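Scroll down for the structure; my scribbles are underneath it.
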Amino acid sequence: MLIPEDDKLDDEKMINIAKKLWFIGFFFLPWVWLINILYFIPYRNSLNDKVKWYLKFSLIGFLGYSTIFMGWMGIYLVNRNKWGAFGDDISITIPFG
Amino acid sequence: MKIKNYFIIVFIIIVLSTDVISSQSSIEDKMYTSLNSYPCTRIMTLNGQIGCSSSHGGDSGILYLIDSDESYHNYFSYNQQKDIIVVFDSNYFNKTLVLEMYSKKKMNGALVLTDIGKTYPYSPEDQYPIKQFGLYPDSNLNWNPNGDGFTYMNFPFPMFALELKTSIIIRNLSTINRDGKYPAYGAELDSFMQGAINAETCLRRGFCEPVGGQSIWSSFSEVIDQSKPIILVMLPIDATAFFRDLATGTDQSGYALTVLLSMLNTLQGVDKTKWDKEVIFAMWNSERWGYVGSTNFVNDLLNFNCTSLDSNNQNSCSSPPMLDLTFEQIKFENIYAIIEFNQIGRPVNSGKKTPNKLDIYNLVFHPNGGAGANQLMDVFSQSTQSYENSTIQFQKTTQNELPPCSSMSFIKEINKKSAPNFIGTLVITDHDYQYNNPYFGDEQDNSGNINTTTSTLFDMVQVFSKSIDLLAGGNGTVKVDDLFIREINVCLTQSITCNWVTKLMSTFPYNPIPNFYSGVYGVSPVNHITPIETRFIFRMATYLTQHRTNATNCTSDNDCDTSSSICVNKVCLYSNTHYHNAISLAFSFDNSKSSWTIVNTSYPVFVESNWDYTTVRLFQVGSYANEIWFLVSGLIELLLSVGIIFYIKKYLSKRYKLL
């Protein structure tokens, strides 16, 4: 994304990167949203408003998705056996024991 | 230059990798020793699970021997940072002690030694075995007072029994541990069971198979004459134990089976032309899991209806699947009498002696069904009295209820309409009320559990054979073959690697201990898993009741044309001996999912988990101080080598300007 000689990050490039990472995150990749935020931490003092918008919603997306995902994972793992045939139907692999 | 370097590097890699591979396997062999062991496996029931399972990958710990009250009490205060594998002397392995230990302090696994047997009577079975599936589900009797129900409990840790020589070794090694010497000995127990939770769940997932097997019925008649009344002579052949590989069950089943097969051998030489009744000898399997074999047979006699025959074999049904339809010759309404032998190996000494000074033992009659049973009892009594030196005599029971027996499956269905000619049932046992078997359902029910001599065994075979001959219409002249009786007794109660097995079977038994646990039925209605003991009984019954031979130079059973013929010594033997499915009526096979399902929960539901392997491995453990020293010296070595490399690098760069 960045060529070593062209080290300068101007506004246009920043918006481009933020937008791309924001877009990619929608493919069920919440950690890309987190990367979006982490990537811009060294530049946090010189951020464009538009970039800030992308970063704000990336953070919301990351936290929201993670909550839903972790929550579902917890519920599934604890209750999978109690759900009987339904629990087996929604599983790709059923572990032994 | 470059190619030469390339070859050098490849050569070094090959040398290193082969060296690593060979040293890897030999290091593992030096670290671990595999032990010959028998696992406690898992069986699922309708509502839960029984038995044991290890964690995935096994459970390990240091060996702790419990062979005295002192070591038992010290267990609770044993402050070892390592996990513990408890090594039990037989006398300390029962439900009370194990549960008390496990509730107060977790153990990682248990090994049970079999070199010294229990010195007290003990049964891990229930006090009234399979009561809910018998004739008296609300009975208050306790046929098995030594029973504590240990076999039907669930344990989340692995348990293994060790065979004799291994037990002695482990006892010695555990004593070394107790003396506090290092390196100590530890073991890894791996018996991970794939099935869990309950029968329905694991059947749905395909992680288990229904408990069952094959029953065997046999007749001397080439074809069952459907105009003659039928006398059923039967017994259960399967046995149970906490460690299912050690279920020899000599008094429980094996001794009676010896008698029955010897009766077949005796009656083989008797003139049967005057017989006016059909005699069918039936050996039911999986009876201990809810009278599965006998219930299945009765149900098929009454309700089986073939909707489409197999196009290749008219004696086989494709829907519903049934490999052998010969049982349809047996009509339920022709059943005239039922005689069952159930636990006859420990009769009580009557105190009297025969004219030639041998002890006389009491066998007990348990009649059922009214006045007709008296007729059966009279024949047996008269038979034994006709021999001056018979060491057995009969008494009638004082109990009103029948003991747990396979006849119950028949009695449930017998009434005036279904069997109009039926005169009664006679169950012959060695006990009046409570079992004389001190080790019912325990591994110790082996040949050492029989309290009579072989002359009593010969007398039983003679008296029973004569009685059956008389009941069938013969004149009662029988002659027993002592040698055969001795040989078959050894096969079924001491070691299955015996002459008859070598003669009749093409495979050699892996485990010499005769094991009559019924095992699993199979993976589908026609794909059976039949243990060697069941196959041996079938072949022996076929051999003894053969009515025709054909010296076709056969090499396997498939070369002989019917399903009930076997190839022995290049000769095809034909007999009216057949297998019959012994699987609980609770199960039905779903062809679309290719799995068993539970369709009727009023019948017994037992399924056995699948597993990949079970092993016990022995290894050595260093003391805590030793291990800390290893860690510290390793760290010192690391720092030292790093320091040396830095120094050399500095020195060489200064001195030779190389690096």
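The values are calculated or read from the model by the stated rules, or taken from the named source; none is laboratory data. Quick caveat: nothing in here was measured; it's all calculated off a predicted structure. With ideal geometry, Cβ positions are generated from the backbone for all residues, glycine too; neighbour counts draw on all protein chains shown.
Worth a mention:
- Residue count, the stretch B:568-585 (criterion: without any contact (Cβ under 8 Å) to a residue 24 or more places away in the chain and crowded, with 21+ Cβ neighbours inside 10 Å): 1
- Residue within the stretch B:211-229 that is in contact with a Ser or Thr (Cβ under 8 Å, 6 or more places away or on another chain), within 14 Å of another protein chain (Cβ to nearest Cβ) and closer than 28 Å to B:I50 by Cβ present: no
Listed here are the residues, each with its yes/no results for (1) buried (at least 21 other Cβ atoms within 10 Å of the Cβ); (2) among the aliphatic types (A, V, I, L, M); (3) modelled with pLDDT of 95 or more; (4) closer than 27 Å to B:D324 by Cβ.
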{"residue": "B:F160", "(1), (2), (3), (4)": "yes, no, yes, no"}
{"residue": "B:I216", "(1), (2), (3), (4)": "yes, yes, yes, yes"}
{"residue": "B:E222", "(1), (2), (3), (4)": "no, no, no, yes"}
{"residue": "B:V233", "(1), (2), (3), (4)": "yes, yes, yes, yes"}
{"residue": "B:I237", "(1), (2), (3), (4)": "yes, yes, yes, yes"}
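- Checking B:F422, B:F394, B:F410 one by one, the residue that is more than 24 Å from B:Y291 (Cβ to Cβ) and surrounded by 15 or more Cβ atoms within 10 Å (Cβ to Cβ) is B:F394 and no other.
- Single unsatisfied condition, B:N172 versus (1) within 14 Å of chain A (Cβ to nearest Cβ); (2) out of contact with any Asp or Glu (no Cβ under 9 Å at 6 or more places or on another chain); (3) farther than 18 Å from B:V523 by Cβ: (1)
- The test for being without any contact (Cβ under 8 Å) to a residue 60 or more places away in the chain and part of a loop (DSSP other than H, G, I, E, B) holds for B:N305.
- Any pair with Cβ under 8 angstrom, 6 or more apart, that starts in the stretch B:156-170 at a residue that is at negative phi and ends at one that is among the β-branched types (V, I, T) and assigned to a helix (DSSP H, G or I): B:L162/B:I170
- Checking each residue in the stretch A:1-49 for being assigned to a loop (DSSP other than H, G, I, E, B) and at pLDDT 85 or above picks out A:G25, A:F26, A:F27, A:F28, A:L29, A:F40.
- The residues of the stretch B:504-555 that are farther than 30 Å from B:L585 by Cα and aromatic (F, W, Y), listed by number, are B:F508, B:Y510, B:Y543.
- Scanning the stretch B:337-364 for residues that are under 34 Å from the mean Cα position of the chain (by Cα) and surrounded by fewer than 20 Cβ atoms within 10 Å (Cβ to Cβ) yields B:V348, B:N349, B:S350, B:D359, B:I360, B:N362.
- All positions within the stretch B:179-201 that are of a type in the set (G, A, S), in contact (Cβ under 8 Å) with a residue 12 or more places away in the chain and more than 14 Å from chain A (Cβ to nearest Cβ): B:A184, B:G186, B:A187
- In the stretch A:70-95, the residue that is surrounded by the fewest Cβ atoms within 10 Å (Cβ to Cβ) out of those that are assigned to a loop (DSSP other than H, G, I, E, B) and facing chain B (nearest Cβ under 9 Å) is A:P95.
- In the stretch B:534-554, residue surrounded by the fewest Cβ atoms within 10 Å (Cβ to Cβ) [restricted to those that are among the hydroxyl-bearing types (S, T, Y) and closer than 23 Å to B:T497 by Cβ]: B:Y543
- B:T295 being under 18 Å from B:S409 (Cα atoms) and hydroxyl-bearing (S, T, Y): yes
- Residue selected from the stretch B:44-64 under the condition surrounded by 23 or more Cβ atoms within 10 Å (Cβ to Cβ) and of a type in the set (A, V, I, L, M, F, W, C), by the criterion farthest from the other protein chains (Cβ to nearest Cβ): B:L63
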